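Undergrad: Sharing a structure, written as structure tokens. Questions coming.
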Amino acid sequence: MPTTRRTVLAATAATAASLASPLVFAQAAAGVGDWPKRQPIKLVAVFPPGGSVDQVARILAPQLQAQLGQNVIVENKGGASGSIGTAQVVQGPADGYQVAVVFDTHGVNPALIPSLPYDTRRDLVPLVLVGTSPMVLATPVNSEFKTFADVVAAAKAKKNVSYGSIGNGSLGHLAMALLGRNGGFEMTHVPYKGGGPLMQDAVAGHVPLSIGSVFVTKPHIDSGRLRPLAVTSSKRAADLANVPTVAESGFAGFEAPAWWALLGPAKMPPELARRWNEELNKALKAPEVAKKLDAQGIDVVGGSIEQARAFIDKQMETWAKVVKDNGIKAD
């Protein structure tokens, strides 16, 4: 009798499970099957208009609109190194109609801003790594520094070498701090409120060195006002083929690329995140999109959700150590 009873109970449970499975699946897929028909899609650019994050969002928006047959709008939600706009996406509906376009500060913020209103790993799903770009260490064209080796030599001679970045705790700031620590020298950091003010002082000669993305620096190199000394990528930049990498300049293995990605709330159904990843990879391969991103100095990456997550996790680990080792604080 006990055996028969167990058999009946097992059969009953299996029947219930088989009946429940379609229901559970339907509930999980609710709002996924008809995406994106219900409403416009919002790309939340987590920095103000005019910068590279805004540009990336506005390059992708029309291509995604064409692919999806739905309006795609860009909303700029800047502040706190991109964390305010990211928090809006984390706290919003996980229905695929709102995603964040972020910059490399996303990988620094967990170490730099202890009071982040979200858990960067737990509360967000990377949808795609858009691309990377070198940062450029540059100097006014009439500067005494002709090579990166000249900068290192002056710093080691304690000549109070100073450099400007786009802000305290920015990737440029952290990259230079890491270089100094690895190379046994110190430089004075001069933080600016963004690329515009930094470049204004750099070309005027008010700061002897600047570190910024190709996006903000190259126009001033092309105009002959700044001299590039090194790039922070693992290989030379296609647009600056004559400029050596930091790794080539005596710091083997050094790499500190700027990067851009799209993220969604972690509560987003996995099948919807995969759909986003597919559409974004398709958009990145569109010739017009690739051409425009290249014009911004961005090397398109694309790839899977897992690849994007691995890249971002590595960035977080790298820069958390630099922040801690150098006692860097947010403004």
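Each reported figure results from applying straightforward, stated rules to the coordinates on display, with no laboratory input. Just so you know, these numbers come straight off a predicted model, no measurement behind them. Glycine gets a Cβ as well: all are built from the backbone with ideal geometry, and neighbour counts include every protein chain shown.
Undergrad: Kirkwood hydrodynamic radius for the stretch 64-183: how many Å is it when counted over pairs of different Cα atoms?
TA: Values: mean 1/r = 0.0567 Å⁻¹.
Averaging 1/r across every pair of different Cα atoms and inverting gives 17.6 Å.
Undergrad: Using θ = phi - 60° and the Karplus form 6.51 cos²θ - 1.76 cosθ + 1.60, what ³J(HN,Hα) does each residue of the stretch 290-306 get, whole Hz, x for Gly and Pro?
TA: These are the phi-based 3J(HN,Hα) values: 4, 5, 5, 5, 4, 5, 8, x, 9, 8, 5, 10, x, x, 7, 4, 5 Hz.
Undergrad: Quick one: if you stick a label point 7 Å off each Cα along the C-beta vector at residue 71 and residue 34, how many nm between them?
TA: Once both label points are built, they end up 1.8 nm from each other.
Undergrad: Right, another one. Can you grab the distance from the C-alpha centre of the stretch 179-215 to the C-alpha centre of the stretch 126-162, Å, no decimals?
TA: Between the Cα centre of the stretch 179-215 and that of the stretch 126-162, the gap is 8 Å.
Undergrad: Something else now. Counting pairs of Cα atoms in the stretch 134-185, how many percent are more than 14 Å apart?
TA: 56
Undergrad: Another question, then. What's the center-to-center distance, using Cα atoms, between the stretch 222-292 and the stretch 68-116 in Å?
TA: Cα centroid of the stretch 222-292 versus Cα centroid of the stretch 68-116: 19 Å apart.
Undergrad: May I ask for the Rg/Rh ratio of the chain, computed from Cα atoms with Rh as the Kirkwood radius, given to two decimals?
TA: Here the Rg-to-Rh quotient is 1.10.
Undergrad: In Å, the Kirkwood hydrodynamic radius of the stretch 277-331 over pairs of distinct alpha carbons?
TA: Taking the inverse mean of 1/r over all distinct Cα pairs, the stretch 277-331 comes out at 13.6 Å.
Undergrad: Under a 5 Å amide H to amide H cut-off, with H placed in plane at 1.01 Å, what residues pair with residue 233 once short-range neighbours are removed?
TA: 135, 246, 256
Undergrad: Determine the gain in length on full extension of the stretch residue 113-residue 294; use 0.36 nm per residue of separation and subtract their C-alpha separation, reporting nm with one decimal.
TA: Taking 0.36 nm per residue and subtracting the Cα distance, the gain is 62.0 nm.
Undergrad: Sorted by average packing, counted as other Cβ atoms within 10 angstrom per residue and highest first, what order do 55-64, 107-116, 238-247, 208-217 take?
TA: 208-217, 55-64, 107-116, 238-247
Undergrad: Still on this structure, please answer the following. Expected output is a single nm value to one decimal: the length gained when fully extending between residue 193 and residue 223, i.e. 0.36 nm times separation in residues minus the C-alpha distance. What is it? Mind dumping the intermediate values first?
TA: Working: separation 30, 0.36 × 30 = 10.80 nm, distance 2.30 nm.
Stretched fully, the residue 193-residue 223 segment lengthens by 8.5 nm.
Undergrad: DSSP loop trypsin sites (Lys or Arg not before Pro) in the stretch 224-331 with at most 11 other Cβ atoms within 10 Å of their Cβ, which ones? Don't skip to the end; give the middle numbers.
TA: On the way: sites: 225, 235, 236, 267, 274, 275, 282, 285, 291, 292, 309, 314, 321, 324, 329; in loops: 225, 235, 236, 267, 329.
Those that pass, being in a loop and sparsely packed, are 329.
Undergrad: I've got another one for you. Can you figure out the FRET efficiency of residue 157 with residue 304, using R₀ = 51 Å and their beta-carbon distance, to the nearest 0.05?
TA: The pair residue 157/residue 304 has a calculated efficiency of 0.60.
Undergrad: Taking the Cα centre as origin and putting +1 on Lys and Arg beta-carbons and -1 on Asp and Glu beta-carbons, what dipole magnitude results for the chain, to the nearest 20 debye?
TA: For the chain, the charge dipole is close to 400 debye.
Undergrad: Sticking with this one: Can you tell me the alpha carbon radius of gyration of the stretch 135-249 divided by the globular rule-of-thumb value 2.2 N^0.38 Å?
TA: Against the empirical 2.2 N^0.38 Å value, I get 0.94 for the stretch 135-249.
Undergrad: I would also like to ask the following. For the pair residue 313 and residue 143, how long in nm is the line joining their label points, each one 7 Å along Cα→Cβ?
TA: 3.8
Undergrad: Please state the Cα pair-distance histogram of the stretch 200-308 with 10 angstrom bins from zero: what percent is in each bin?
TA: Going out from 0 Å in 10 Å bins, the stretch 200-308 shows 12, 34, 29, 18, 7, 0 percent.
Undergrad: Report the relative contact order of the chain, percent, no decimals, based on alpha-carbon pairs under 8 angstrom and at least 6 residues apart.
TA: 25
Undergrad: Let's test the formula: R0 of 30 Å, r as the Cβ-Cβ distance of residue 320 and residue 248. What FRET efficiency results, to the nearest 0.05?
TA: For R0 = 30 Å, the calculated efficiency reads 0.65.
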